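Asker: Got a structure here, written out as structure tokens. Questions coming.
The values are calculated or read from the model by the stated rules, or taken from the named source; none is laboratory data. A quick note: this is a predicted structure, and the numbers were derived from the prediction, not measured. Positions of Cβ are backbone-derived with ideal geometry, glycine not excepted, and every protein chain shown enters the neighbour counts. Just so you know, the surface numbers come from the protein's heavy atoms only, side chains and all, with ligands and any DNA or RNA stripped out. Shrake-Rupley method; radii C 1.70, N 1.55, O 1.52, S 1.80 Å.
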Amino acid sequence: MKYQTYLLFGPPGSGKGTQGKTLGTIPRFSHCACGDVFRSIDTRTKVGRAFLDYSSKGQLVPDEITVELWKARIDAAVDGHNFKPDIDTLVLDGIPRNVAQAEIMDDLINVKKVFHLSCPNRAALYERLKKRALKDNRLDDANEEVISRRLATYEQESKPVLEYYGKRRITCIDATQPPHKVLLHILESVNDRVVEQYEPVAAAAV
């Protein structure tokens, strides 16, 4: 079965992780961040060793391996009853990171909505990323040149994913708002979809 899925999408510093963690605490939502997948890799497995081989050489990890690692994490969550695909909805952030990954994942997920956390104010993004880097003691990430490279990579490789899924599935949200307001907009959009799903049933009953 395809997993019912909501995607949190946006540039680095737009708040995807913050919103994902919060949504993950709500019943019937199961949050999976791509960063957590990489941090919990079992390097004793074949796919784990392949990931380590590429990353240790500073090479880009092929999209197939990235998706395979993600799927292994989801399978483990299902086996551990932390994610119940028949009643839960996946909330993903950080994956798919590009169109190639989106194409591979088409057989695995049914993307109901993409929440685009938009932040056209690049100065605000720079400040957010600098603060996060200092808070997490990742001083290299506070460098403006590093931030500029990460945002350029997002524009070139990741942003086309929005076009891939199409306007009909995208809900654009101003990510410069306080986190609780961003969350409110997400939940309002989710609830609108729930109403849409049940309205035809109610009409048929009448």
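Asker: Obtain the nm distance between the two label points defined at ARG122 and ASN137 by a simple spin-label model: each point lies 7 Å from its Cα along the Cα-to-C-beta direction.
Answerer: Inter-label distance under the simple model: 3.2 nm.
Asker: What part of the accessible area of the chain, given as a whole %, is carbon or sulfur when the probe is 1.4 angstrom?
Answerer: Numbers: 6210 of 11910 Å².
The nonpolar share, carbon plus sulfur, comes to 52 percent.
Asker: Would you mind working out the accessible area per residue for the chain, using a 1.4 Å probe, and quoting it in Å²?
Answerer: Numbers: 11910 Å² over 206 residues.
Heavy-atom accessible area per residue stands at 58 Å².
Asker: Probe radius 1.4 Å, ligands and nucleic acids left out: which of TYR6, TYR126 has the largest accessible area, and how do the rest follow? Intermediate values should be presented prior to the final figure.
Answerer: Details: TYR6 10, TYR126 50 Å².
Final ranking, largest accessible area leading: TYR126, TYR6.
Asker: Hey, what did the chain get for relative contact order, percent, Cα under 8 Å, at least 6 apart? Walk me through the intermediate numbers first.
Answerer: Details: 248 pairs, mean separation 64.4, N = 206.
It rounds to 31 percent for the chain.
Asker: Could you tell me the accessible area of LEU52 in Å² (1.4 Å probe, neighbours in place), rounded to the nearest ten?
Answerer: 90 Å²
Asker: Just to be sure I understand, if you calculate semi-axes √(5λ) of the Cα gyration tensor in Å for this structure, which of [x] 29, 27, 14; [y] 28, 23, 16; [z] 32, 18, 16 do you get?
Answerer: Checking each listed value against the structure points to [y].
Asker: Continuing with the same structure: What's the tally of Lys pairs in the range 9-164 whose alpha-carbon atoms lie under 23 angstrom apart, where the two lysines are 8 or more places apart or on different chains?
Answerer: Going through the range 9-164 pair by pair, I get 27.
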